[in-house]
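These notes are about the structure you will find just below.
Every number here is computed from the coordinates shown, using simple stated rules; none is lab data. Please read all numbers here as calculations on a predicted model, not as lab measurements. Note: ideal-geometry Cβ built from the backbone for every residue, glycine included; neighbour counts use all protein chains shown.
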Amino acid sequence: MKNMVLVTHADFAKGILTSLNLVLGQVEHVDYVSITAKETIPEIASMIEEKITGFGSNGPTVVLTDIAGGSTTQAAMKLLGDGRKVYLVTGLNLGLLLEIALLPLGEGEEADKGMLRTAIENSRSSMYLVNDMMESGPDTDASGDLGEL
């Protein structure tokens, strides 16, 4: 079983976790860290570490952060490479979170990374400027497949 830690500025993590639970029902093995302008990167790393340790599981842990170059990600990077199965994904949004929550991680590092890469690419490919799409037709994108708006 995988664990997930959502690490964001302010209450974004709490809110997106609420949304995840609304869509999927109560999701287990998910926790969050909300930071303010007061915490240092070492303090944030310690907060993340506490959440990971709190799971008490040897399964892989996915840490999802909001901003690639932000303090959330910088802190989470300090937890990589210590022999645990910790994967760090940036750019947290609900589509990405839903997809990762449904992944059957724990199949080995290469398989896990492959699944995470696919989830990230799926999230990227689901972002649109709908105005542009409406100009080319109400139900299609450039490839002709958007579905309902």
Quick one: net charge around MET4, please, counting Lys, Arg +1 and Asp, Glu -1 for every other residue with C-beta under 11 Å from its C-beta.
-> 0
Under unit Cβ charges (Lys, Arg +1; Asp, Glu -1), what dipole magnitude, rounded to 20 debye, does the chain have relative to its Cα centre?
-> 560
Between SER46 and GLU28, 0.36 nm times their residue separation minus their Cα-Cα distance comes to what?
-> 4.3 nm
Reciprocal of mean inverse Cα separation for the chain (Kirkwood radius, Å) = 16.4
Report, in deg cm²/dmol and to the nearest 500, the calculated mean residue ellipticity at 222 nm for the chain, where each DSSP H run with n ≥ 4 adds -39500 (n - 2.57) and the sum is divided by the residue count.
-> -13500 deg cm²/dmol
Kindly flag which residue pairs out of LYS38/LYS113; LYS38/LYS85; LYS14/LYS85; LYS2/LYS51; LYS2/LYS38 have an alpha-carbon separation exceeding 22 Å in this structure.
-> LYS38/LYS113; LYS38/LYS85; LYS14/LYS85; LYS2/LYS38
Taking r as the C-beta separation of LYS113 and LYS38 and R0 as 25 Å, the FRET efficiency to the nearest 0.05 is 0.15
Positive-end residue of MET133, THR36, LEU20, charge dipole of the chain with Cβ unit charges = THR36
Taking the stretch 11-72, which GluC sites (Glu not before Pro) meet the DSSP loop condition and have no more than 14 other C-beta atoms within 10 Å?
-> GLU28
